[in-house]
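Asks: The structure's right below; bear with me while I get my questions together.
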Amino acid sequence: PAVGETAADGPATSPARKPRRDVSGILVLDKPIGMTSNRALQRVRGIYQARKAGHTGSLDPLASGMLPICLGEATKISGFLLNAPKTYEVVARLGSRTDTGDSEGKVIEQADWSGISLESVRSALADFRGDIEQVPPMYSALKHQGQPLYKLARQGIEIEREARRVTIFSNELESFDGDELTLSIHCSKGTYVRTIAEELGEVLGCGAHVVELRRLAAGPYSEADMVTFETL
């Protein structure tokens, strides 16, 4: 998946709401699947009745996992977490490409994957380590003239995007079961994991798209630090 900008909100003014409090700290949320990052932010802010809050790197609704949320004074250091390396676990399905790069999109191409071997996958992964160039996908939160690219993509509009350099510190094949690969990817800010899955499928000659994505770490925080909404 992909990485977004910090979102921040000022004091609420609606008289129907409870008074906001000056609460400061960082909550390492385990965002559930199906929820936008902004919705998760607003829910946490509401639980704490915090006057100010911001998240540090969007996760798509399809994705789950680590979403550090800065409250109050901690928003001043949100850029540190936004720019920090992150770790993801991703499940990619071989044999088909979608227009969004994930399972929420429309299948646009299919190919036989049955001849793909474990050795060929491991060999192909070597091309996605170190400094690499990535073209941001159209289905992303990047903006063009004030409009998010994904909104333009839904209108059938494609904008030329410049390649960006990102760093893949490591990528490991965790499992290869049928047509699905599970990868662990440790990468720099700005990396689009969906793009890695798509380009890996191209190298293998059969196409691929993301069916599951989970962020496990960001900066100094690990999976053990995460808190669910059920706990809150």
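Asks: Residue-wise, which Karplus ³J(HN,Hα) couplings in Hz belong to region 116-132, taking 6.51 cos²θ - 1.76 cosθ + 1.60, θ = phi - 60°, and x for glycine or proline?
Replies: Whole-Hz 3J(HN,Hα) from phi for region 116-132: 6, 9, 4, 5, 5, 5, 4, 5, 5, 4, 4, 6, 10, 10, x, 7, 10.
Asks: I've got another one for you. In deg cm²/dmol and to the nearest 500, what is the mean residue ellipticity at 222 nm of the chain if only DSSP H runs of at least 4 residues count, each as -39500 (n - 2.57), divided by the residue total?
Replies: Numbers: 5 runs with 43 residues, N = 232.
Counting only the DSSP helices, I get -5000 deg cm²/dmol.
Asks: Let me ask something additional. Apply the Karplus parameterisation 6.51 cos²θ - 1.76 cosθ + 1.60, with θ equal to phi minus 60°, to every residue of region 61-71 and state each ³J(HN,Hα) to the nearest whole Hz, in sequence, with x for glycine and proline.
Replies: Once θ is set to phi - 60°, the couplings for region 61-71 become x, 4, 8, 10, x, 5, 9, x, 10, 9, 10 Hz.
Asks: With axes computed from alpha carbons, what is the tilt in degrees of helix 37-48 against the longest principal axis of the chain, rounded to the nearest 10 within 0 to 90?
Replies: The two axes meet at around 30 degrees.
Asks: Still on this structure, I have one more. Compute the FRET efficiency between residue 118 and residue 169 as 1/(1 + (r/R0)^6), taking r as their Cβ-Cβ distance and R0 = 30 Å, and round to the nearest 0.05.
Replies: On the way: r = 23 Å, r/R0 = 0.75.
My answer for the efficiency is 0.85.
Asks: Name the most mobile residue of 52, 86, 31, meaning the one with the largest mean-square fluctuation, in a Gaussian network model of the chain with Cα contacts below 10 Å.
Replies: 52
Asks: Around residue 29, which amide H atoms from residues at least 5 apart in sequence, or from another chain, sit under 5 Å from its own amide H, with H modelled in the peptide plane?
Replies: Long-range HN contacts for residue 29: 67, 69, 227.
Asks: Here is a further query. What is the Cα centroid distance between region 110-139 and region 15-46, reported in whole angstrom?
Replies: With region 110-139 and region 15-46 each reduced to a Cα centre, they are spaced 36 Å.
Asks: Counting Lys and Arg as +1 and Asp and Glu as -1, each charge on the Cβ, what is the dipole of region 65-214 about the Cα centre in debye, to the nearest 20? Walk me through the numbers before you get to the answer.
Replies: Working: 16 positive and 23 negative charges, 158 e Å.
Dipole about the Cα centre, nearest 20: 760 debye.
Asks: Where Lys and Arg each count +1 and Asp and Glu each count -1, what net charge lies around residue 181 among other residues with Cβ under 10 Å from its Cβ?
Replies: Values: positive: 93; negative: 174, 177, 179, 180.
Here the count lands on -3.
Asks: Also: Would you mind computing, in nm to one decimal, how far apart the modelled labels at residue 49 and residue 22 are, each placed 7 Å from Cα along Cα→Cβ?
Replies: 1.6 nm
Asks: Among 114, 184, 103, which one shows the biggest mean-square fluctuation in a GNM of the chain, springs joining Cα atoms closer than 10 Å?
Replies: Evaluated over the chain, the most mobile residue of the options is 114.
Asks: Among 38, 113, 95, which residue has its Cα positioned farthest towards the positive end of the charge dipole of region 18-131, with +1 placed on the Cβ of Lys and Arg, -1 on the Cβ of Asp and Glu, and the dipole taken about the Cα centre?
Replies: Ranked along the dipole, the leading option is 38.
Asks: So, one more: Considering only 60, 179, 102, give the residue with the highest GNM mean-square fluctuation for the chain, with springs between Cα atoms whenever their separation is below 10 Å.
Replies: Comparing 60, 179, 102 in the GNM, the peak value goes to 179.
Asks: Long-range amide H contacts for residue 63: which residues qualify at under 5 Å (H placed 1.01 Å from N, peptide plane, sequence gap of 5 or more or a different chain)?
Replies: Those lying under 5 Å, H to H, from residue 63 are 34.
Asks: What relative contact order, as a whole-number percentage, does the chain give when Cα pairs under 8 Å and 6 or more residues apart are counted?
Replies: Values: 519 pairs, mean separation 64.1, N = 232.
Reported relative contact order: 28 percent.
Asks: At a Cα cut-off below 25 Å, give the lysines reachable from residue 86, other chains included and same-chain residues fewer than 8 away excluded.
Replies: Straight-distance partners of residue 86: 31, 52, 76, 143, 189.
Asks: Starting from the Cα gyration tensor of region 17-85, take the square roots of the eigenvalues, sort them a ≥ b ≥ c, and report rounded, prolate or oblate (rounded when a/c is under 1.5, otherwise prolate if a/b is larger than b/c, else oblate).
Replies: Values: a/c = 2.60, a/b = 1.25, b/c = 2.08.
Cα axes put region 17-85 in the oblate bin.
Asks: Quick one: helix 193-204 against the long Cα principal axis of the chain, what's the angle to the nearest 10°, folded into 0 to 90?
Replies: 0 degrees
FYI, it's all coordinate maths here, none of it is from the lab. As the structure is a computational prediction, the values presented were derived from the model and not from experiment. Glycine also receives a Cβ, built like all others from the backbone with ideal geometry; neighbour counts cover every protein chain displayed.
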